[in-house]
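Only one structure is covered here, and it is reproduced in the block below.
The values are calculated or read from the model by the stated rules, or taken from the named source; none is laboratory data. All of these numbers come straight from a predicted model, not from anything done at the bench. Cβ: placed from backbone, ideal geometry, glycine included. Neighbour counts: every protein chain shown. For accessibility, only protein heavy atoms count, side chains too; no ligands or nucleic acids. Shrake-Rupley method; radii C 1.70, N 1.55, O 1.52, S 1.80 Å.
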Amino acid sequence: MTRDPRPRPARGVSEGELDIGLVVGAHGRHAMVETPDGERVLCHPRGKKSELVVGDRVRWQRAGDEGVVERVEPRRNLLFRQDEWRTKSFAANLDGLLMMVAVDPPFSESQLTRALIAAAAAGIPATIVLNKVDLAAADAVRQRLAPYVAMGTEVLELQVKADPEGALALLRPRLAGRTTLILGPSGAGKSTLINRLVPEARAAEGEISVALASGRHTTTTTTWYWLDADRSGAVMDSPGFQEFGLRQIEPMQLATLMPDLAAERGHCRFHNCTHRDEPQCGLRAAMEAGRISASRWRIYHELFAELSQQRW
Ligand SMILES: Nc1nc2c(ncn2[C@@H]2O[C@H](COP(=O)(O)OP(=O)(O)O)[C@@H](O)[C@H]2O)c(=O)[nH]1
Ligand SMILES: [Mg+2]
Ligand SMILES: [Zn+2]
């Protein structure tokens with residue numbers, strides 16, 4: 001006998017009857033929802049518009065073996081990127097972002113800055129992790145990150161492969177009891193780190209992606225990993241770090257979201273200075289005095305131009 005797969009209508013269901021759940025995987029119209037007991041139920045959102053994001057708290061109800069998400073609880077925050085055509089959410093309700101880069105392969109400072117700006121706009125505290133400091137080029141890369149240290153961003157140095165115990169000792173207290181997204185370019189060492197933090201990570205990832213993708217080959221989305229048996233801390237891993245669009249941000253907002261630039265505001269001749277070519281610009285003076293790095297200054301201008309293009 002086959003079960004009617006259609007979800008039951010929501011009519012007559014009061015809020016109190018709906019279960020609370022946590023979205024630990026999401027793909028297209030499916031989401032893996034975890035109950036407070038740790039059971040995982042494949043769910044579909046009711047209604048066409050609602051997009052479910054990993055980290056969402058949802059109200060849902062069972063429909064046979066599966067479930068229907070009736071409502072998403074208000075999000076504390078949402079980290080996303082947005083280009084001309086689409087918005088892609090990384091995760092919701094984050095306590096922190098770990099931006100992981102490595103001494104090698106070389107990383108794009110523009111991509112790093114974009115992610116930090118998106119986190120700042122979403123109100124999510126970010127830490128930079130520099131991995132592979134065992135490699136010879138470590139000093140040169142440290143110099144590249146000096147402006148970030150100077151502007152108050154925490155920069156942690158790791159060698160996950162060469163010294164995994166040291167890396168764990170540094171990170172575990174910072175990750176405990178919190179929800180942290182680990183983001184970074186391919187090759188930075190994210191998988192190596194997550195496999196150290198969560199030895200059963202590979203299995204968990206496979207389980208969710210199989211259930212969500214129904215066996216089809218799909219690109220993976222954000223993956224959720226509990227750090228401990230009592231499920232108090234979690235890390236997430238997300239693809240799609242390249243082409244980090246920031247269309248959600250107004251150009252005039254940019255300087256407020258870059259701490260080194262923000263610190264120099266208030267000294268421009270024009271109160272609505274865009275810091276591009278206005279005379280007596282306090283930010284330009286700060287750059288010339290070495291308080292804003294040449295690379296951050298260049299990235300600001302590239303972003304300002306990009307975000308000023310006509311929106312469709
Ligand atoms: N030298 C060195 N290599 C590392 C370190 N951590 C990771 N790697 C290597 O970097 C490569 C990419 O790591 P991976 O975890 O797959 O990166 P991901 O793409 O960010 O997930 C692998 O060959 C790792 O063995 C480290 O601390 N030092
Ligand atoms: Mg990886
Ligand atoms: Zn200015």
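Gain in length, residue 272 to residue 174, computed as 0.36 nm per residue apart minus the alpha-carbon separation, to one decimal in nm? Each step should come with its number before you reach the end.
Working: separation 98, 0.36 × 98 = 35.28 nm, distance 3.90 nm.
Gain in length upon complete extension: 31.4 nm.
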(request) List the trypsin sites (Lys or Arg not before Pro) within the range 36-124 that fall in a DSSP loop (any state other than H, G, I, E or B) and whose Cβ has at most 12 other Cβ atoms within 10 Å. (result) 48, 49, 86
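Give me Rg over Rh for the chain, both radii from the alpha carbons and Rh done the Kirkwood way, two decimal places. Intermediate results must be reported in sequence, preceding the final value.
Numbers: Rg = 21.7 Å, Rh = 21.3 Å.
Taking Rh as the inverse mean 1/r over Cα pairs, Rg/Rh reads 1.02.
So which GluC sites (Glu not before Pro) in the range 107-208 pass both tests, a DSSP loop state and at most 13 other Cβ atoms within 10 Å of the Cβ?
Details: sites: 109, 154, 157, 165, 200, 205, 207; in loops: 200.
Answer in residue order: 200.
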(message) Given the -39500 (n - 2.57) contribution per DSSP H run of 4+ residues, what per-residue ellipticity at 222 nm results for the chain, rounded to the nearest 500 deg cm²/dmol?
(response) -8500 deg cm²/dmol
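Find how much the distance from residue 35 to residue 253 grows on full extension, using 0.36 nm per residue of separation minus their present alpha carbon separation; answer in nm with one decimal. Don't skip to the answer; put the middle values down first.
On the way: separation 218, 0.36 × 218 = 78.48 nm, distance 3.90 nm.
So the extension gain works out to 74.6 nm.
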(request) Skip the ligands, DNA and RNA, and give the accessible area per residue of the chain with a 1.4 Å probe, whole Å². (result) 51 Å²
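Per the 1.4 Å probe, what fraction of the accessible area of the range 111-181, in percent, lies on carbon and sulfur atoms?
Of all accessible area on the range 111-181, carbon and sulfur atoms account for 53 percent.
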